[in-house]
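The values are calculated or read from the model by the stated rules, or taken from the named source; none is laboratory data. Being a predicted model, the structure only gives us computed values, none of them experimental. All Cβ positions, even for glycine, are placed from backbone atoms using ideal geometry, and neighbour counts span all protein chains on display.
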Amino acid sequence: MKWDTDDRGYEQWLTAHPQGFQANTGRPVGGRYFRIHRADCPLPDRSKPGNLNPRTGNRYLKITAETIAELVEWATEHLKLAVDRSNYCKRCGPHP
């Protein structure tokens, strides 16, 4: 699911799917940036707290899924990106 300027929905999804996965990508959708994290990884949320929708409304939007395979499929379809090792968070290690 894509979260674009919807912090509340994104946060509810994370709470309901603690074993899921999330990815950061640039907004608007496009470009080459795509980083996959575990749902509980703190790195995707280094945001600007004073802004409206600081987690999903600035330079990045979030993609969430139950599996890494779903995120890879999203990146392939929407970004025409061949996901490789560089697209995985080094801190939380969400490798398939």
Single residue of region 73-95 satisfying the filter (among the hydrophobic types (A, V, I, L, M, F, W, C) and touching a residue at least 12 places away in the same chain (Cβ under 8 Å)) that is nearest to Ala39 (Cα to Cα): Cys92
In region 46-62, is there at least one residue being at pLDDT 90 or above and of a type outside the set (Ser, Thr, Tyr)? yes
For a quick check of your reading of the model, give me the residue pairs whose first member lies in region 1-12 and is under 11 Å from Leu52 (Cα atoms), whose second is surrounded by fewer than 15 Cβ atoms within 10 Å (Cβ to Cβ), with beta-carbon atoms closer than 9 Å and at least 6 apart or on different chains. Thr5/Leu52; Asp7/Leu52; Asp7/Pro54
Does Thr64 meet the test of being touching a helix residue (DSSP H, G or I) at 6+ places or on another chain (Cβ under 9 Å) and touching a residue at least 12 places away in the same chain (Cβ under 8 Å)? yes
